[in-house]
Structure formats: structure tokens, C-alpha cells
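Presented below is the structure to which this report refers.
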Amino acid sequence: MRYYVQRVALAILLLLAVSMLTFGALNVLGDPLFNILGPVAGDVNNPDSIKMIEAAKREFNLDRPLPVRYGLWLSDFVRGDMGVTFSSTGQPPVSGVISERLPRTISLVVLAQLFAIIISIPWALITASRAGKVSDRISTVNAFFLVAMPNFAIAVILKFVFSIKLDWMPLTYVAGDPLGSRLFQLILPALTIGLSVAAVYQRLLRSDLITTLQQDFILLAQTKGLSKWRILFVHALRPSLFSFITVVGLNTGALIGGSIVSETVFRIPGIGSTLVESVLRNDFPVVLAIVMIVASSFVIINLLVDFAYTLIDPRVRR
Amino acid sequence: MSTDSPDTTVNPDDGIVKKKLGVGFWICVIWLGLMVLVALFTPYLPLKSPTKNYLDPSNGRPPYSPSWKHWFGTDKDARDVFARSLHGARISLAVGFSAITAGFLIGGTIGVISGYFRGWLDRISSFVFIVLLSFPSLVLAILLTSLIERSLMTISLVLGLLSIAPVGRLARAATLQYADREFVLAARQIGATDRRIIIKEILPNVAIPMSSLALLGMAVAVVAEGGLAFLGLSVEKGITWGGLIQLGSDSARTLETAPWISFFPILMLFLTVLSLNFAGDRLRTFFDVKEMTL
């Protein structure tokens, strides 16, 4: 029990530190007033502008000291209110933007993870059963190529081959389409993220499988005359999945990074592409909200993976 | 990440297993060397100008496809893609190299010191590392680049900052392995100062495995810079591979009619990252560094 409490406390502490850093950096290094009002913010000699500046300062709490603003923001944030976007009207509220766009990113990331798992497990099984042979070597080279290919390059190549040359896949994502066609539109973006991740998973699972395949119970299964595929799937796969599952869990960060690129290339209005747009527009409340959501999900998933570990192997708790 | 055993041959005379780096390693090193030379000397090579518009009315409207005159073709503004791709190596490699150098110097120092002295210093630095690692790296990079003037220097520093936490954790872990070994205790017994022990006893043991990871780290940094440039968030003035790829793929029409604009920079970037990864991986197996990933 003590272990769990400690871990949760550490996670909360981490998120507080992350939010303070982000909030502080955005407010100290950035210029919120300028982002709200534009050039008017610098026009301090014109009485009209001064009035607008004062009003904006009051509305966005910019006249309060930084720690107070942080406190206000935090108390709003934990209640689900992420503030207003930096614009003269403050519309739409950040929470609205996020709740509209987050589901798209989540479905993209989940789909990418699914692709990666579906591709990597059979790939690893086949290569591990032929370790050292020509086909295994070719596959190792392929995996190396995939890992070395940055995801924005994969995105461009997939788009060129499947959307433009073969015309099998739609070019972009249309938010208004029915669910089925939107899922179809997500296939290429998800493959963009999933392919290189699949290569990483395959390398890991292949080496674990090779270790498992050298153990005595596999030899026993072979001498019993079981078929090769039955041994691979039923006997060898399950004990080899331990570190695979961990890495799948911990890899969410890479997937989120990949979704930023993929959403930008395929024009999906998710939180990844929104992050880039908001950064370019200096819309800091949106940036802050997205960074916090991403960091929280990252920290929470890590926590869950650690907890899952303790269920599998109680020694971790100490 | 690779799981292959290194190329090993048993020498029949003494039975000692000898490790080899392999042919692939040297091919990668040659490509990397070539890229470094290109990056250093592009301004002095007899290349076309990367910014000049080579309009050719007899050839119709640009982009022009690859030809003897323009090996990699030209972009929409009739600029030479070959010259631009070579120029792109400059920023990509400079950022990659300085980022990983900064990361190793800062992260390595923090890691070794906290691993050696332990105590509260170690706790603070470990917490800072975890905080930095709580951001997915691309998100942190985007956040930081949004707040600064995006120059070669600052982008390198941002990517260097990103590598501090992973490098620092590795250095700390490696230092912990050695901090209580006999030769360190012996040095302390004969009155060596902490500073001397760190520099003379610990550092040589930590530096060799760490340096074999430098190439892998540089691959990560080059990809990260490419990603930032692709999103329009890298060095503002100048040509980078990521920016070139973005320029060639920003509209489906450009990509359809003139794929060479983005595909040649992709090829250059891919070969460079592949070489860094492969050579780094070979080095790591060569020095037998386990359980260490960037």
C-alpha cells in the first residue's frame, strides 16, 4: 500500500512541477498582453489603447502577480476549465477546443498502437523461428531502415504512394464525414506512426522470443511432436511478452510525438496539429492545456505500467 | 536497440573471441565523413547557388524535373534541389552535433557528480531528470522553440536540453556501477581527493561506453531537428532537410507533379540517420554496452 501511495504522490508532484515550469516559461518568456491585443499592446501613448490594455489585463488577470495567476489557473484547470484562448474575444474557450479535438488524437494513437502490435507480433514470431537465416537477416535490415526513417518522411512517402500514385486512400481527414469513412481516413496517419514503432517492438519481441525458444520446455514440446506454429503461438509467445507489454505501455510518448507530425501532414484537427498552430500563433492557454494533457496522460500511463508490474511481479514493491 | 550479437570470430590460435566492426560500419562512417565534408565546404564547392532562381523560359514553368543541368531537379521557384540538399546538411549536422555535445557535457557532468556523491544532490537531479522526461520530447521541443528566437544556437541548446535527462541518467547509472569498486576505494585510501577520483578513476570508465552512444544520440537529435523544421519550428533563416521536405510536400499538387523536391532531401536525411544509427549500434555492441537506450 505504501508503495502505491508513494508512487501516486510522486506523480502528482511531477505534474505540479511540469505545470509550474510550463506556466512560468510561457508567461515569463512570452508576452501574453501582446498575444491578446496585437500591436495595440505596445501603443502606450494612445489613451484608447491604454484603456484596452487595462481592460485586457483585468479580464485575463494579468495585473495579478505570477504565483496568484498560477493558482487561479490551476484551480480552474483541475475543475476542467482551461481558460480562454488569447484573442480579443477570448472565444472559443480552450476546454471546448480540446474536447472537440482530443478524441481524434486518441483514436489516432490507439489505431497506431493497434497497427504496431498487429504487425510486430507475427513479424517477430516468423523471424524468431528462423533466427539467423536469410529471411531473418533481410527483416532485420528492413527494421533498421524503418527505425532510421523519420516519421515525417514516412508520412510524405505513404501519402505519395497510397494517396497520390495509387489513389487508394484519401488525402486528408474530413471532420464532418461519418464515422466509418473517418476511420478509413485515419489508416494512413496511423500507419505513419505505427510502422516505425512496429519495427521497434519487433526487434524487442524477436530477441525475447529467441531466448525463450532456447529453453527446456520448448525442447520438450518439440520432442512431443507438436507443430512448429503451435509451439510458437501457444508455448513461446506468452512468456516472451513481459518486456513487450512494458514497452508498448511506455511508448505512448513516442506515439504522441508522432501524432503531432502525422496530424500536420494529413490535416487532422487533433491536439497535435493544434499544438503546432497555437505555438505559431502564440496562443499560450491552448499550448499550456495541451502540454498538460499530454504530460498527464504520459505520467499516468507510466504509473499504470508500474502498477501492472507489481501485479505480475510483487518483488518490485519491495 | 539491436539484439544481434556482434560479428565474432574465434581465433584458432588463442581461442579469444575477437570482435569486428564489420564492413557496414565503415560504409556508414564513409557516408558520414562525406556529409561532414559537404557540410563544412559547401560554400567553397562549385555548386549552384541554393537561393538563386534558375528560370529557363525555354523549359516552361518550374518546377523542372531532374536533368543534367539540375541533378535533383528544381523547386517551384526554380531553385536547384541538389545544391539545397547539400546545404541542408550544414544546419542538420551542426544542430545534431552541438546538441549532443551540449547534452553530454551538461547531462554527463550532472550524472557523474550525482552518481558519485549521492545524497540530496542526487535526489534533486533525479527529480529534475524525471520532470524533463515527463514531457514527450517533441512536445517539450515545440514548447521551448515557441518561446525563443529560433537560431542555430538556440535550437541546438533546446535539443541539447532534451538530451540532458537521458544522458544524465545513463551517466549516473554507469557511475553508480563504479563508485564502490575496489580501485576507487583504494584511491580514496591513499588520500586522493574526490575531484581526482572522479576525473582519473571514474570518468575513463564511464566515458567509453557513453561515447559509443554519442552517434545514436546524434541520430535522435538530427531527426528531432528535422521534425521541428518540418513543422516550421527550426532555424528560421537557412536551409534544413526538414524544411526542404516540408516545402516539397505541403500541397498534394506539388508532391504529385514534383516529388523530387521532397524525395531527394528525404534520401539524404534517411541515409545520414541510417548511418548514424548503424554505426552507433555497431559501436555499442563493440563496447558491449547493455541496457542503455537513448
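Dipole magnitude for the stretch A:101-317: computed about the Cα centre from +1 point charges on Lys and Arg Cβ and -1 point charges on Asp and Glu Cβ, it is near 560 debye.
I need the shape label for the protein assembly as shown. Rule: rounded when a/c is under 1.5, else prolate if a/b > b/c, else oblate, with a, b, c from the alpha carbon gyration tensor. All intermediate terms of the calculation are to be shown ahead of the outcome.
Values: a/c = 1.40, a/b = 1.18, b/c = 1.19.
Since a/c stays below 1.5, the shape of the protein assembly as shown is classed as rounded.
Note on the stretch A:279-302 and the stretch B:116-183: Cα centroid distance 20 Å, given to the nearest whole angstrom.
Sorting A:Asp63, A:Asp216, B:Asp122, B:Asp281 on the 10 Å Cβ count, fewest up front, what's the list?
The order, fewest Cβ neighbours first, is A:Asp216, A:Asp63, B:Asp122, B:Asp281.
Estimated from the Cβ-Cβ distance and a Förster radius of 30 angstrom, the FRET efficiency linking A:Ala55 and A:Ala175 is about 0.30. For chain B, the Cα gyration tensor yields ellipsoid semi-axes of 43, 24, 15 Å (square root of five times each eigenvalue, largest first, whole Å). Sorted from longest to shortest, the spans of the Cα atoms of the stretch A:78-215 along the three principal axes equal 65, 42, 27 Å.
Determine the sum of side-chain charges near B:Ser85: Lys and Arg each +1, Asp and Glu each -1, restricted to other residues whose C-beta is under 14 angstrom from that of B:Ser85.
So the environment of B:Ser85 carries a net charge of +2.
Within the shell defined by Cβ-Cβ distances under 15 Å, the residues around B:Arg61 carry a net charge of 0, with Lys and Arg each +1 and Asp and Glu each -1.
Lys and Arg at +1, Asp and Glu at -1: add these up for the other residues within a Cβ distance under 15 Å of B:His70 and post the number.
Details: positive: B:Lys48, B:Lys52, B:Arg61, B:Lys69, B:Lys76, B:Arg79, B:Arg84; negative: B:Asp56, B:Asp75, B:Asp77, B:Asp80.
My count for the surroundings of B:His70 gives +3.
With each label modelled as a point 7 angstrom along the Cα→C-beta vector, the B:Lys69-B:Ile190 pair spans 7.4 nm. Sites listed here are GluC sites (Glu not before Pro) in the stretch B:125-226 whose DSSP assignment is loop and whose Cβ has at most 14 other Cβ atoms within 10 Å: B:Glu149. Of all stretches in chain B that contain no chymotrypsin sites (Phe, Trp or Tyr not before Pro) in a DSSP loop with at most 15 other Cβ atoms within 10 Å, the longest one is B:72-294.
Over the Cα atoms of chain A, compute the convex hull volume and normalise it per residue, giving Å³.
Numbers: hull volume 55.7 nm³, N = 318.
Spelled out: Cα convex hull of chain A, divided by residues, is 175 Å³.
Take the stretch A:186-231, compute every pairwise Cα distance, and split them into 10 Å bins from 0; I just need the percent in each bin. Final binned percentages: 23, 31, 23, 17, 5.
Between the amide H of A:Val84 and those of A:Val94, distances stay under 5 Å, these residues lying 5 or more places away or on another chain, with hydrogens modeled in the peptide plane.
The Cα-based radius of gyration and maximum Cα-Cα distance (Dmax) for the stretch A:123-282 are 19.6, 67 Å.
When a/c is below 1.5 the answer is rounded, else prolate if a/b is larger than b/c, else oblate, so apply that to the stretch A:216-292 with a ≥ b ≥ c taken from the square roots of the Cα gyration tensor eigenvalues. Because a/c hits 1.5 or more and a/b exceeds b/c, the stretch A:216-292 counts as prolate.
Bear in mind that the values in this text are calculations on the coordinates, not laboratory data. Here the structure is a predicted model, which means the values were calculated and not measured. When we count neighbours, we look across all protein chains shown, and the Cβ atoms used for this are built from the backbone with ideal geometry, even at glycine.
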